[in-house]
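Here is the structure we will look at.
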Ligand code: GLA
């Protein structure tokens, strides 16, 4: 049996151990993403895990595929004693609810990828956000297509632009608007822009949106394809294949440069998926999580707004770019 004195001694020893580990073991950060199965978010999580490993804090990953899961996830983070969270929400209009729930659970809050909106539908400027320079990256998509069309000797006045759109997400709208505008500036007639509004922002969504447009415009046999990310553009590419069009008839450019794009570049025969704009997953995953860690442990507030840029990735350079990003 322990004497009272020895018991107290042991209790103090364990208390001291907890205190020593405080920074290390007790910092917990949640990372909630809207589409956990999408390669972009897996890469983002991988970089976030690296930040957690290198700095010895705990990362709690949560798939927040709808509003209910997001709010339950935030409560769960609170119950587990997390001090902060980073989120890419399934619907940016959940912004006010997310902010309230994070405050109720005493969680510091940052958003990544998709900027949260308040009840007035405007961005909540007080929540630090890391996102892409969406218009600029969209323009890069358009310019890449224009350059490749010139390379092939295509007149932009003769092609169609198939634009899979998802306009209720601001970053998506800016991307597809930027791509369209750059192509129009390069000589594409505005009347040859065909919008394919998507119901969901995934491959199936891109495929289903593209099909009726291709059917209606069956007379057009040369296409440029753009969309908000690799998955949606790949969906549209699969639809062009279904319509009997191949790599020689279509120039499609995605955004993300993640595993879906790299998978296309690895195929023995080129497909219509000509390029992707590689985004900086390291900054979105590693740097956001590290910024949150510093906010919690050193009270250094992250910048309110950070925009990241992208690089054109093709079959020729994808391996080099991939290695550079992983380094
Ligand atoms: C959105 C898209 C993702 C990815 C990120 C990048 O969330 O859905 O595929 O492009 O933006 O910020």
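Is it true that residue 267 is under 29 Å from residue 161 (Cβ atoms), touching a residue at least 40 places away in the same chain (Cβ under 8 Å) and either over 23 Å from the mean Cα position of the chain (by Cα) or away from the ligand (no atom under 16 Å from the Cβ) (or both)? When the stated conditions are applied, residue 267 does not pass them.
One residue stands out in region 98-125 among those that are under 17 Å from residue 289 (Cβ atoms) and away from the ligand (no atom under 16 Å from the Cβ): the one that is surrounded by the fewest Cβ atoms within 10 Å (Cβ to Cβ), namely 108. Based on this model, can you work out whether residue 189 counts as touching a strand residue (DSSP E or B) at 6+ places or on another chain (Cβ under 8 Å), farther than 17 Å from residue 243 by Cα and modelled with pLDDT of 95 or more? Considered against the rule, which asks whether it is touching a strand residue (DSSP E or B) at 6+ places or on another chain (Cβ under 8 Å), farther than 17 Å from residue 243 by Cα and modelled with pLDDT of 95 or more, residue 189 comes out as no. Per the listing 90, 39, 128, the residue uniquely in contact (Cβ under 8 Å) with a residue 12 or more places away in the chain, within 22 Å of the chain's Cα centre (by Cα), more than 14 Å from the ligand (Cβ to nearest atom) and crowded, with 19+ Cβ neighbours inside 10 Å is 128. Looking across 234, 169, one residue alone is over 22 Å from residue 89 (Cβ atoms) and either within 16 Å of the ligand (Cβ to nearest atom) or under 22 Å from the mean Cα position of the chain (by Cα) (or both). It is 234.
Out of all the residues in region 239-255, is one or more in a helix (DSSP H, G or I), touching a residue at least 40 places away in the same chain (Cβ under 8 Å) and within 30 Å of residue 219 (Cα to Cα)? Scanning region 239-255 turns up at least one residue that is in a helix (DSSP H, G or I), touching a residue at least 40 places away in the same chain (Cβ under 8 Å) and within 30 Å of residue 219 (Cα to Cα).
Take the conditions touching a strand residue (DSSP E or B) at 6+ places or on another chain (Cβ under 8 Å), part of a helix (DSSP H, G or I) and modelled with pLDDT of 95 or more and apply them to residue 286. Does it pass? It is false that residue 286 is touching a strand residue (DSSP E or B) at 6+ places or on another chain (Cβ under 8 Å), part of a helix (DSSP H, G or I) and modelled with pLDDT of 95 or more.
Is it fair to say residue 278 is in a helix (DSSP H, G or I) and surrounded by 15 or more Cβ atoms within 10 Å (Cβ to Cβ)? When the stated conditions are applied, residue 278 does not pass them.
The values are calculated or read from the model by the stated rules, or taken from the named source; none is laboratory data. None of the values given here were measured: they were computed from a predicted structure. Glycine also receives a Cβ, built like all others from the backbone with ideal geometry; neighbour counts cover every protein chain displayed.
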